[in-house]
Amino acid sequence: MSVPSVTRAPAATPGTAAHAGRTVRTRRRVLGLLVLLLLVVAACAASIAIGSRPLGPGTAWTALTDRSLRTEEAVIVWDLRVPRTALGLMVGAALGVSGALIQGHTRNPLGDPGLLGVTAGASFAVVLAIVLLGVGTPAGYVWFAFAGALAGTVAVYVLGSAGRGGATPVTLALAGSALSALLFALVRTMLISDSDSLDAFRFWVVGALAGRGADVAWQVAPFIAAGLVLALLNAPALDLLGLGEDVARGLGQRIWLARLTGLGATTLLAGAATAACGPIAFVGLVAPHVVRAFTGPAHRWLVPCAGLLGAVLLLTADVLGRVVARPGELQVGIVLALVGCPFFVALVRRRRTATL
Amino acid sequence: MTTSTPDAPPLSAPTSDGRVRLAAEGLRLAYDDRVVVEGLDLTLTDGSFTAIVGPNGCGKSTLLRALGRLLRPAAGRVLLDGRAIQRTPTRDVARALGLLPQTPVAPAGLTVADLVARGRHPHQSWLRQWSAEDEAVVAEALSWTDMGDLADRPVDELSGGQRQRAWISMALAQGTDLILLDEPTTYLDLSHQIDVLELVARLHAERGRTVVVVLHDLNLAARYAQRLVAMRDGVLVASGTPHEVLTEQLLADVFDLEARVVPDPVAGSPMVVPVRRLRR
Ligand SMILES: Nc1ncnc2c1ncn2[C@@H]1O[C@H](COP(=O)(O)OP(=O)(O)OP(=O)(O)O)[C@@H](O)[C@H]1O
Ligand SMILES: [Mg+2]
């Protein structure tokens with residue numbers, strides 16, 4: 001390959017201007033990343049300290065650091081708050097990242113895990129598990145939810161690729177909506193005919209971190225970890241796919257490989273998150289839009305930052321839910337819908353939503 | 001974009017040894033069952049400058065996509081440097097051949113500099129990330145198209161002509177010596193059309209790039225390209241120098257156009273003066 005040599009000395013070196021612009025952009029992205037990291041730490045601290053029984057920062061810290069302690073506080077911190085915070089961190093990150101991937105792959109600004117049949121598939125499987133097999137604990141139906149999420153995504157992909165053009169953003173979205181409508185109708189039918197299952201399902205479907213112990217966190221952790229790695233590997237390909245499939249392939253990207261990696265990552269992430277906490281809306285949709293303000297369309301930055309913001313959003317909403325309804329608590333899914341909706345409207349009004 | 005290059009080196013004729021870079025053999029191209037291009041043979045030699053002309057829907061873009069390995073032929077094959085292109089890895093093709101589709105779209109907020117930087121993708125890997133060489137090539141691609149001042153502007157906020165130049169910069173940054181451009185002059189006013197074609201001509205003349213351009217303006221095609229390829233209904237009708245191809249008979253056959261062909265008063269290349277549309 002011959003690299004073009006500079007044959008003429010440009011009067012004003014435009015490269016310098018481009019270089020300076022890039023430095024400014026990089027600085028903004030690094031700054032955004034640092035702020036997000038700080039927010040994650042703050043949200044974790046709040047999630048450990050705040051609850052129906054508030055612990056001062058000092059008490060929480062001693063309980064955290066001194067494991068020989070067997071006080072009531074230490075038990076609360078280690079048995080309840082730490083697993084819950086860890087789960088919130090993982091699930092929030094998974095939702096944010098999978099939202100960024102789905103928006104990137106479908107080039108649809110409304111993309112979120114619900115779009116590709118993940119949520120519907122998981123819900124259907126959980127209802128089946130509850131109604132037919134009488135499974136009653138989160139740790140029990142995690143596997144069913146996961147299998148359902150996987151089956152849902154694969155079904156959407158197969159349906160979406162059936163046409164002559166193969167899987168395009170539009171056919172995928174159409175297949176996702178159609179399948180979701182069908183599955184949710186089936187879910188409702190089953191719940192109407194069996195009111196006993198309704199309570200167990202209701203608790204799952206509202207979306208909550210409460211009541212999920214360390215066992216659930218351990219169950220989904222490997223899947224989320226694998227999903228995050230795949231997502232980061234997929235990021236450079238998303239940058240190219242954003243230019244259209246023809247240009248991406250012309251630049252040496254194997255399209256099927258990029259799509260497969262993305263599909264695997266979203267299924268792992270959104271499937272694991274939905275399995276653990278039920279369908280949680282808004283995080284996957286909003287997080288990528290917010291971070292895009294400072295990352296721009298560069299997925300190497302967008303994907304990890306969306307994950308961090310997703311974790312912040314989920315943990316904050318969870319803490320908020322513990323505070324507003326004391327001594328009871330509001331499920332995180334409800335808080336997110338209540339707070340997230342106006343927030344999203346404000347975001348859309350403030351700046352033109354990016355066409356992807 | 002200014003086309004005057006006061007400090008440009010004297011134009012050297014591209015050193016062409018007539019080696020075949022890209023060839024199509026018995027190509028049949030189809031979308032599902034609908035055959036769009038049939039029995040097409042074409043050879044493109046090293047350092048040549050070819051323009052493909054033909055009426056709307058005759059299969060020019062389809063042919064270009066097949067030449068760039070974006071479309072798998074239903075029959076026949078494409079050879080890149082003597083090797084079947086379908087069996088060449090995607091990345092190797094991307095290092096040898098750059099293709100600019102007819103109407104590419106950039107995502108919102110993507111700056112010109114970042115778009116052009118993505119052209120370096122075929123040269124990067126996990127081991128070899130962004131390098132000083134990439135930086136230099138991108139800067140040079142920007143300066144070639146006079147996009148340096150617009151480097152930090154989002155592509156979706158540029159005029160049609162500026163956008164076109166941004167995409168051409170990206171194709172340049174890819175650093176391939178084989179470049180296929182699908183209608184790079186659509187949306188451009190006449191002077192910007194000239195700008196783009198001058199740029200392409202310079203790439204060919206000064207850099208010895210092998211260039212294929214799909215064009216609708218026959219007069220500009222005849223003036224800039226060394227060779228014209230005329231297509232109609234998916235069949236290659238004529239191929240040769242502009243003088244050989246642009247005849248009154250061919251215009252009637254390919255474009256259903258009654259026209260006079262006179263010498264271009266500026267360049268001496270054949271110039272088409274339409275008389276009226278012929279009904280078949
Ligand atoms: N993706 C596609 N699926 C099905 N048919 C297609 C597709 N793309 C093009 N065609 C058809 O193939 C034929 C050739 O199209 P092509 O785009 O190659 O024409 P063209 O010569 O580039 O036309 P134009 O000058 O308008 O760009 C047309 O009849 C068109 O309708
Ligand atoms: Mg075309």
### Task
From zero up to wherever the largest Cα-Cα distance of segment B:197-276 sits, split into 5 Å bins and tell me the percent of pairs in each.
3, 15, 25, 25, 18, 9, 4, 1, 0
### Task
Select from B:Gly148, B:Leu251, A:Leu110 the residue farthest towards the positive end of the dipole of the protein assembly as shown; place +1 on Cβ of Lys and Arg, -1 on Cβ of Asp and Glu, and compute about the Cα centre.
A:Leu110
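What size of dipole, in debye to the nearest 20, comes out for segment B:20-277 about its Cα centre when the only charges are +1 on Lys and Arg C-beta atoms and -1 on Asp and Glu C-beta atoms?
It comes to approximately 700 debye.
Which order do peptides B:261-272, B:229-240, A:145-156, A:277-288 fall in by mean Cβ count within 10 Å, highest first? Don't skip to the end; give the middle numbers.
Details: B:261-272: 14.7, B:229-240: 18.9, A:145-156: 23.7, A:277-288: 27.5.
Going by the mean number of other Cβ atoms within 10 Å, highest first, we get A:277-288, A:145-156, B:229-240, B:261-272.
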### Query
What does the charge add up to near A:Val205, with Lys and Arg as +1, Asp and Glu as -1, over the other residues with Cβ less than 12 Å from its Cβ?
+1
### Message
With a cut-off of 8 Å between alpha carbons and a minimum separation of six or more residues, what is the relative contact order of chain A in percent?
### Response
28 percent
### Query
In segment B:86-171, which trypsin sites (Lys or Arg not before Pro) are in a loop and have at most 16 other Cβ atoms within 10 Å, using DSSP for the loop call?
B:Arg128
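State the dimensionless ratio Rg/Rh of segment A:212-356 (Rg: radius of gyration of Cα atoms; Rh: Kirkwood radius).
Details: Rg = 17.1 Å, Rh = 16.8 Å.
That ratio equals 1.02.
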### Task
Mind listing the long-range amide H neighbours of B:Val213? Cut-off is under 5 Å, sequence gap 5 or more, other chains count too, H placed in the peptide plane at 1.01 Å from N.
B:Thr50, B:Ala51, B:Ile52, B:Leu181
### Summary
Expressed as a whole-number percentage, the relative contact order of segment B:43-192 with C-alpha contacts under 8 angstrom and at least six residues apart is 29 percent
### Query
If you average 1/r over all unlike Cα pairs in the protein assembly as shown and invert the result, what Kirkwood radius do you get in angstrom?
27.4 Å
## Note on the structure
Per 20 angstrom bin, beginning at 0 and ending with the bin that holds the maximum distance, the Cα pairs of chain A fall in percents of 29, 54, 16, 2
### Query
Taking the Cβ of A:Ile50 as the center, what net charge do the other residues with Cβ under 12 Å away carry, scoring Lys and Arg +1 and Asp and Glu -1?
+3
## Note on the structure
Out of A:Ala217, A:Pro279, A:Gly264 - ranked by how far each Cα lies towards the positive end of the dipole of segment A:110-279, with unit charges on the beta-carbon of charged residues - the top one is A:Gly264
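Using square roots of five times the C-alpha gyration tensor eigenvalues, list the equivalent-ellipsoid semi-axes of segment A:110-279 in whole Å, biggest first.
Numbers: eigenvalues 199, 72, 20 Å².
Equivalent-ellipsoid dimensions as semi-axes: 32, 19, 10 Å.
Could you quote the convex hull projected area for segment B:20-277, Cα atoms only and averaged over all directions, in nm²? Intermediate values should be presented prior to the final figure.
Details: hull surface 58.2 nm².
For the Cα atoms of segment B:20-277, the hull's average projected area reads 14.6 nm².
When DSSP beta bridges are limited to those with both residues in the protein assembly as shown, what percentage is antiparallel, rounded to the nearest 5? Spell out each step's value before the answer.
On the way: 28 of 45 bridges.
Given both bridge residues lie in the protein assembly as shown, the antiparallel proportion sits at roughly 60 percent.
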### Accessible area of A:Ser161 in the full protein assembly, 1.4 Å probe (Å², nearest 10)
40 Å²
### Selected from B:Leu44, B:Val20, B:Leu99, residue furthest toward positive end of dipole (segment B:17-106; charges at beta carbon)
B:Leu99
### Message
Against the 2.2 N^0.38 Å scaling, with N counting residues, where does segment B:27-122 land? I'd like the Cα-based Rg ratio to two decimal places.
### Response
1.21
## Note on the structure
With Cα coordinates, the longest principal axis of chain A makes an angle with the long axis of helix A:14-49, in degrees rounded to 10, of 0 degrees
#### Entry: Dipole magnitude of segment A:110-279 about its Cα centre (Cβ charges: Lys, Arg +1; Asp, Glu -1), debye to nearest 20
260 debye
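The values are calculated or read from the model by the stated rules, or taken from the named source; none is laboratory data. Note that this is a predicted model, so its numbers are computed, not measured. Because the Cβ atoms are built from the backbone with ideal geometry, glycine has one as well, and the counts that use them run over all protein chains shown. Please note that ligands, DNA and RNA were not included when accessible areas were found on the heavy atoms of the full protein model with its side chains. Shrake-Rupley method; radii C 1.70, N 1.55, O 1.52, S 1.80 Å.
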